[in-house]
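Engineer: I am attaching a structure below and will ask some questions about it afterwards.
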Amino acid sequence: MTHEFDLTRSLAAGVEDRQGAWRFIRDFAAHWTDDILGDADGCPEADLAAAEERLGLRLPAALREAYALLGNRRDLTSNHDELRAPAELYVDESGEALVFRDENQGAARWGILLTDLAQDDPAVVIRLDLADKSAEAWESWLDRVSLTFVEIVLSESLHAPDELVAYLDAPDEADLDELERRGKRLPLPAYPPDEEGATRWFLRDDVLLRDDAGAWLMARGRTEEALDRVRDRIDGDWLNG
């Protein structure tokens with residue numbers, strides 16, 4: 001980290017409320033992508049108003065703010081999974097949720113329950129695409145839209161650019177022990193909340209690491225040198241991004 005941006009401290013503030021979340025996203029973009037967020041990076045008010053008119057509903061304040069802040073920055077929101085443009089927002093076929101994000105192969109989608117749309121910063125839910133459609137249901141993801149956009153920005157950073165990312169398939173217990181001993185656990189809640197094995201985030205030597213319940217360990221370095229150091233210290237067959 002540089003003296004200008006303490007990722008852990010900024011993230012702790014970002015977890016507290018939506019204004020902290022937007023500050024974190026701005027700072028992360030500036031210091032980890034070297035590209036300051038500007039007015040052109042957000043969706044114009046006219047696009048959000050048109051989406052509301054088409055859908056016949058009012059978007060929650062936090063969702064509007066997120067789109068206004070970074071709705072046009074695909075490098076922050078859509079390297080892997082897809083943030084829908086305002087014109088692509090839709091109510092799912094069950095009539096239960098407003099969908100705003102899709103998994104890159106259509107295996108899942110994220111939304112907000114229609115019953116929660118009146119809240120300023122409502123919870124976000126996820127629905128998996130299952131072979132047995134009757135078993136599909138909206139399930140808890142994170143408890144605020146603003147927190148979800150923090151998670152989106154962090155997760156999408158794991159997928160670009162290639163020279164700054166790496167993946168470890170099925171890390172063994174020693175790998176995870178090393179991560180817990182030497183890494184700093186970041187203050188993003190483990191999610192999804194109902195899973196026994198949930199996603200956790202760590203920071204080590206200027207490298208973000210995401211433990212996907214022991215299935216994958218994903219890394220994003222602030223520099224190539226930082227990423228190389230962590231790959232040397234956490235043994236395993238790392239795959240390039």
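What follows draws every value from the coordinates through simple rules; no lab data is involved. Everything numeric here is computed off the predicted structure, so don't read it as measured data. Cβ coordinates were reconstructed from backbone atoms using ideal geometry, including for glycine residues, and neighbour counts include every protein chain displayed.
Engineer: Under a point-charge model restricted to the Cβ atoms of Lys and Arg (+1) and Asp and Glu (-1), what is the dipole moment magnitude of the stretch 149-206 relative to its Cα centre, in debye to the nearest 20? Kindly include the intermediate steps, with their values, before the conclusion.
Structural biologist: Working: 6 positive and 16 negative charges, 77 e Å.
My answer is approximately 360 debye.
Engineer: Nearest 20 debye, what's the magnitude of the dipole of the chain about its Cα centre given +1 on Lys and Arg Cβ and -1 on Asp and Glu Cβ? Could you put the intermediate results ahead of the total?
Structural biologist: Numbers: 27 positive and 55 negative charges, 130 e Å.
Dipole magnitude for the chain comes out near 620 debye.
Engineer: Label-point separation (nm) for E103 and A13, each offset 7 Å from Cα along Cα-to-Cβ?
Structural biologist: That separation, rounded to one decimal, is 3.5 nm.
Engineer: Moving on to the next point. Just want the answer: with Cβ charges of +1 for Lys and Arg and -1 for Asp and Glu, which residue in G236, V99, A213 is farthest toward the dipole's positive end in the chain?
Structural biologist: Final value for the positive-end residue is V99.
Engineer: Could I ask something else about it? Applying a 10 Å radius around every beta-carbon, put 38-50, 108-120 in order of their mean neighbour count, most first. Mind dumping the intermediate values first?
Structural biologist: Numbers: 38-50: 13.8, 108-120: 17.1.
Going by the mean number of other Cβ atoms within 10 Å, highest first, we get 108-120, 38-50.
Engineer: Please give the FRET efficiency for A50 paired with D92, using the beta carbon to beta carbon distance and R0 = 30 Å, rounded to the nearest 0.05. Each step should come with its number before you reach the end.
Structural biologist: On the way: r = 20 Å, r/R0 = 0.67.
It comes to 0.90.
Engineer: Further question on the same structure: Just to check I understand the Karplus step: with θ = phi - 60° and J = 6.51 cos²θ - 1.76 cosθ + 1.60, what whole-Hz values come out for the stretch 196-213, glycine and proline as x?
Structural biologist: Values, residue by residue: 5, x, 10, 6, 10, 10, 9, 10, 9, 6, 6, 10, 7, 10, 10, 9, 8, 6 Hz.
Engineer: Pop a pseudo-label 7 angstrom from the Cα along the beta-carbon direction at both A135 and A85 and give the gap in nm to one decimal.
Structural biologist: That separation, rounded to one decimal, is 3.6 nm.
Engineer: To continue, here is another question. Can you work out the Karplus-derived ³J(HN,Hα) for every residue in the stretch 39-46? Use 6.51 cos²θ - 1.76 cosθ + 1.60 with θ = phi - 60°, whole Hz, and x for glycine or proline.
Structural biologist: For the stretch 39-46, the Karplus-derived couplings read 4, 6, 7, x, 6, x, 4, 4 Hz, x marking Gly and Pro.
Engineer: Which loop GluC sites (Glu not before Pro) in the stretch 196-237, with loop taken from DSSP, have no more than 11 other Cβ atoms within 10 angstrom of their Cβ?
Structural biologist: E196
Engineer: Follow-up question, since we're still on this one. Once phi is turned into ³J(HN,Hα) by the Karplus curve 6.51 cos²θ - 1.76 cosθ + 1.60 with θ = phi - 60°, what whole-Hz value does each residue of the stretch 102-107 show in order, with x for glycine and proline?
Structural biologist: 10, 5, 5, 10, x, 7
Engineer: Compute, for the stretch 59-167, the length of the dipole vector about the Cα centre, with Cβ point charges of +1 (Lys, Arg) and -1 (Asp, Glu) only. Units Debye, rounded to 20. Intermediate values should be presented prior to the final figure.
Structural biologist: Working: 9 positive and 22 negative charges, 53 e Å.
Roughly 260 debye for the stretch 59-167.
Engineer: Then there's this: Tell me the label only: which of (i) 26; (ii) 22; (iii) 37 is percent of Cα pairs over 30 Å apart as calculated from this structure?
Structural biologist: (i)
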